[in-house]
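**Student:** For reference, the structure I am asking about is given below.
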Amino acid sequence: MFDVSRIRRDFPILSSRVNGKPLVYLDNAATTHKPRVVMDSVARFYKLQNSNVHRGSHTLSNAATTEFENARKIAASFIGSPDPAHVIWTKGATEAANLLAYSLGDLLIKPEDVILVSTMEHHANLVPWQQTALRKGATLVPVPLTDEQTLDISAYESLLKKHRPKIVALTHVSNALGVINPVEQCCHLAKQYHATTVIDGSQAIAHLSVDVKQLGCDFYFFSGHKCYAPGGVGVLWGKEDLLKAMPVWQCGGEMIKHVSFDHTEFNDLPFKFEAGTPPIASVLGLAAALEYLSTLDRQAVQAHESALRRFVVDSLQQYPTIKVYAPFAENVGIVSLSISGLHHQDAAFLLDEHGIAVRTGHHCAMPLMESLSIQGTLRASFALYNTREEAETFVAHIIDLLSSTMASNQPIKPNSDQT
Ligand code: PMP
């Protein structure tokens, strides 16, 4: 049995009060809270080991370097990478996507080529590719969604066949809807058309067990802060042959072997892509977060989060003035909804008065919102520490909002047709 009360004791912030009410934090897709082990590992670094890595000739620096490189091994093993040298530390998912769009884009994209993305991409895995396409005279082609707001696999296959894209960049899980994409199938199909696959794992990593070999992708990246780690660090994993062939992106210290005024010899992997001093404490915090997750029964965590979502979706979907997006799709624990007659931003302010934290707006997925003909949604996103009581509180307050704000001529009682 998954013991959520034991988990909650690991996260000090969860006992805080907001606006006089116990915090109900349902904004985990934006960022997750940090367990004590993560904060301790960051504090321990600054208290006992603070020094720069790789270039030291003193004990502290050597100890920091050992821990830093050990963190790389932990991250590699967490995602099933056979070699830690294929794990590159970045500032986060956004930096990883930009690195790829520039460096992989330079390696692979020529005028007239196509880069395939999905309609549900976060801007971080869309705008960098769009700019690469513009720079190279290539074309960005979006894969549409089905009427159920899932990736349209038959359209995807047709677009692969039609355009033979050089790069396919897909999110593993939609941050706006929570929908899980069948990335293993997508990568398999892409390979048949010789496309290089880039998977944005930002919303998957905290919820799903990820094995990059099994997924069959060429690149996978995520931000640490969405999987219980500190901000300012992310992971980019890639296949060795591609990483070796890719040109350098940012330049500076660490990523070189030898420099003269007319030539630079670049460093080996992974350092070739790690210019400058890395966020050492955050890297150690990320390793602590991944180790923390590894001690848990990940399937039980996923079942717990899915059950919370199912409860909320089933409770709210029956109200005719509420539209839940992708209600039946495989999902990590994100509920995205709109309430007719009530702006999502107003709803969020009212929920905040009761200590309930949600996110509203376009969720950095404007093309997705446009495809749904909406401006934004109200998004409640669950993490492993959320409880059934919190889900019930959220539902109760949404129903209260309906009663107090709906236009009097609209029915607000459950609609039996929709159950
Ligand atoms: N991709 C997805 C799917 C995301 O949800 C996010 C963050 N909302 C990002 C990329 C960008 O992450 P970051 O801002 O941490 O770089």
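The values are calculated or read from the model by the stated rules, or taken from the named source; none is laboratory data. All values derive from a computational prediction rather than experimental measurement. All Cβ positions, glycine included, derive from the backbone under ideal geometry; neighbour counts span all protein chains shown. These area figures cover heavy atoms from the full protein model, side chains too; ligands, DNA and RNA do not enter into them. Shrake-Rupley method; radii C 1.70, N 1.55, O 1.52, S 1.80 Å.
**Student:** Which residue is surrounded by the most Cβ atoms within 10 Å (Cβ to Cβ), if the candidates are limited to the range 104-137 and must be among the small types (Gly, Ala, Ser) and over 21 Å from the mean Cα position of the chain (by Cα)?
**Tutor:** Gly105
**Student:** A follow-up question, please. Looking at the range 320-336, is at least one residue open to solvent by 50 Å² or more (accessible area, probe 1.4 Å), closer than 17 Å to Gln149 by Cβ and without any contact (Cβ under 8 Å) to a residue 40 or more places away in the chain?
**Tutor:** Yes, there is a match, as at least one residue in the range 320-336 is open to solvent by 50 Å² or more (accessible area, probe 1.4 Å), closer than 17 Å to Gln149 by Cβ and without any contact (Cβ under 8 Å) to a residue 40 or more places away in the chain.
**Student:** Filter the range 237-258 for residues that are within 16 Å of the ligand (Cβ to nearest atom) and either free of Cβ contacts under 8 Å to residues at least 40 places away in the same chain or surrounded by fewer than 17 Cβ atoms within 10 Å (Cβ to Cβ) (or both) and give the result.
**Tutor:** Gln250 - this is the single residue of the range 237-258 that is within 16 Å of the ligand (Cβ to nearest atom) and either free of Cβ contacts under 8 Å to residues at least 40 places away in the same chain or surrounded by fewer than 17 Cβ atoms within 10 Å (Cβ to Cβ) (or both).
**Student:** May I pose another question? Of the residues Asn62, Asn70, Asn28, only one is over 28 Å from the mean Cα position of the chain (by Cα) and under 29 Å from Leu236 (Cβ atoms); which?
**Tutor:** Asn62
**Student:** What do you reckon, is Leu145 open to solvent by less than 60 Å² (accessible area, probe 1.4 Å) and modelled with pLDDT of 95 or more?
**Tutor:** yes
**Student:** Here's a follow-up. Looking only at the range 1-50, count every residue that is outside any loop (DSSP other than H, G, I, E, B) and touching a Lys or Arg at 6+ places or on another chain (Cβ under 9 Å) and tell me the total.
**Tutor:** Number satisfying all stated conditions: 8.
**Student:** Filter the range 90-134 down to residues that are among the small types (Gly, Ala, Ser), within 15 Å of the ligand (Cβ to nearest atom) and either in a loop (DSSP other than H, G, I, E, B) or farther than 20 Å from His163 by Cα (or both), then give me how many there are.
**Tutor:** Total satisfying the criteria: 5.
**Student:** Being within 11 Å of the ligand (Cβ to nearest atom) and either closer than 22 Å to Asp147 by Cβ or over 25 Å from the mean Cα position of the chain (by Cα) (or both) is the filter here, so list the residues in the range 158-171 that pass it.
**Tutor:** Of everything in the range 158-171, those that are within 11 Å of the ligand (Cβ to nearest atom) and either closer than 22 Å to Asp147 by Cβ or over 25 Å from the mean Cα position of the chain (by Cα) (or both) turn out to be Leu170, Thr171.
**Student:** Determine whether the range 32-43 contains at least one residue that is in contact (Cβ under 8 Å) with a residue 24 or more places away in the chain and under 30 Å from Thr150 (Cα atoms).
**Tutor:** Within the range 32-43, one or more residues are in contact (Cβ under 8 Å) with a residue 24 or more places away in the chain and under 30 Å from Thr150 (Cα atoms).
**Student:** Still on this structure: Quickly run through the range 279-308 and pick out the residues that are under 30 Å from Leu342 (Cβ atoms) and surrounded by fewer than 22 Cβ atoms within 10 Å (Cβ to Cβ).
**Tutor:** Ser306, Ala307 - these are the residues of the range 279-308 that are under 30 Å from Leu342 (Cβ atoms) and surrounded by fewer than 22 Cβ atoms within 10 Å (Cβ to Cβ).
**Student:** With the requirement that a residue be open to solvent by less than 10 Å² (accessible area, probe 1.4 Å) and farther than 24 Å from Val301 by Cα, what does the range 200-236 give you?
**Tutor:** Residues satisfying the conditions are Cys217, Asp218, Phe219, Leu236.
**Student:** Also: Consider the range 170-181. How many of its residues are under 17 Å from Ala383 (Cβ atoms) and part of a strand (DSSP E or B)?
**Tutor:** Number of matching residues: 2.
**Student:** Tally time: how many residues in the range 182-231 are part of a helix (DSSP H, G or I) and within 12 Å of the ligand (Cβ to nearest atom)?
**Tutor:** Here the count works out to 4.
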